[in-house]
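Just so it is clear, none of the values below were taken in a lab; they were calculated from the coordinates. It should be emphasised that the depicted structure is a prediction, and the values quoted were computed from it without experimental measurement. Here the Cβ positions follow ideal geometry from the backbone for every residue, glycine too, while neighbour counts run over all protein chains shown.
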Amino acid sequence: MKLFEDKVVLITGGGTGIGKATASAFIAKGAKVVITGRRQSVLEKTTHELGELAYSIVGDICKKEEPKRIIDEVISKYGRLDVLVNNAGMGTMGPLSETRDEDIENMYRTNVFAPLALIREAMTHLVSSKGTVVNITSTMSHGVMPGSAAYASSKAALDHATRLLAAELGPSNVRVNAIAPGFTMTDISAGVQSDEQMLGMIVAQTPLGRPGEPEDIANAVLLLADSRAGWITGQIVQAGGGLML
Ligand SMILES: NC(=O)c1ccc[n+]([C@@H]2O[C@H](COP(=O)([O-])OP(=O)(O)OC[C@H]3O[C@@H](n4cnc5c(N)ncnc54)[C@H](OP(=O)(O)O)[C@@H]3O)[C@@H](O)[C@H]2O)c1
């Protein structure tokens with residue numbers, strides 16, 4: 001029997017990057033995986049690549065009614081939910097003086113509001129399955145990098161919500177943890193990837209001496225979701241090759 005056989009996993013932003021690699025890793029261990037995102041064409045392509053254990057739901061998690069609709073659809077399709085991976089996120093960098101209200105609002109809606117609303121809507125199902133939540137935050141949430149006030153503070157909010165919800169849901173046997181990725185080669189970091197000097201600087205500051213790959217983060221998510229991590233809750237585990245320790 002595979003490690004996650006008969007388990008149902010929901011991964012927001014599962015069409016690309018870290019979410020897609022995480023979906024693939026769970027499927028390799030036998031899980032049924034639901035991925036979400038706003039772009040239907042991206043989700044269709046990824047679902048096709050992932051095969052019959054994958055299912056997709058198109059939706060913008062920032063819209064108030066969407067978290068409930070997404071959870072309801074997972075339950076009506078599979079009847080249970082074992083692992084919620086709050087992976088979808090967005091970030092724009094730049095000095096606060098050049099950051100618009102809508103950028104700040106978007107980051108907080110995507111990185112804080114939506115994960116909290118999804119956990120709330122998933123709660124009764126996670127209690128039934130003695131399930132678990134893995135939030136994807138960022139090493140930037142505790143680093144001090146000028147130009148990242150809105151993004152990094154939104155991820156810091158999710159870090160702390162992880163600890164608070166671990167305490168709140170622990171008595172119901174639901175574990176809540178976070179993986180904080182360091183620099184990882186995905187769409188969100190494309191700007192830095194094309195800036196040789198910047199990329200070189202980040203790699204130089206990474207003790208393990210290379211950028212992260214989506215699979216590095218996926219493997220870390222599976223470690224926390226595994227029942228062998230059953231005594232671990234409220235932890236923010238950095239997966240960044242030692243960047244910003
Ligand atoms: N890559 C890095 O260096 C790095 C470092 C630290 C943390 N992270 C975090 O890792 C997570 C995954 O990012 P990634 O690196 O894999 O980049 P990515 O490929 O750009 O993934 C982001 C995903 O989130 C989805 N998404 C964004 N806004 C959404 C919304 N409103 N509703 C539904 N889905 C939404 C996107 O799909 P649609 O556009 O189709 O909606 C996309 O699939 C993010 O939380 C990011 O902050 C990344």
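By its C-alpha gyration tensor, with a ≥ b ≥ c as the square roots of the eigenvalues, how is the chain shaped: rounded for a/c under 1.5, else prolate for a/b larger than b/c, else oblate? Because its axes are fairly even, with a/c under 1.5, the chain counts as rounded. Highest-first packing order for the peptide set 46-54, 8-16 is 8-16, 46-54, based on the mean count of other beta carbon atoms within 10 Å. Largest GNM mean-square fluctuation across LEU116, LEU81, LEU164, computed for the chain with C-alpha springs under 10 Å, falls on LEU164. In terms of distances greater than 29 angstrom between alpha carbons, the cross-link table entries LYS2/LYS45; LYS77/LYS155; LYS29/LYS64 yield LYS77/LYS155; LYS29/LYS64.
Neighbours of TRP231, meaning other residues whose beta-carbon lies under 14 angstrom from its beta-carbon, give a summed charge of +2 when Lys and Arg score +1 and Asp and Glu score -1. The sum of -39500 (n - 2.57) across all DSSP H runs of n ≥ 4, divided by the residue count of the chain, sets its helix-only mean residue ellipticity at 222 nm to -13500 deg cm²/dmol. Computed from point charges on the beta carbon alone (+1 for Lys and Arg, -1 for Asp and Glu), the dipole magnitude for the chain about its Cα centre is near 680 Debye. Note on the chain: with a GNM built from Cα contacts shorter than 10 Å, the maximum mean-square fluctuation among ALA218, ALA149, ALA180 falls on ALA149.
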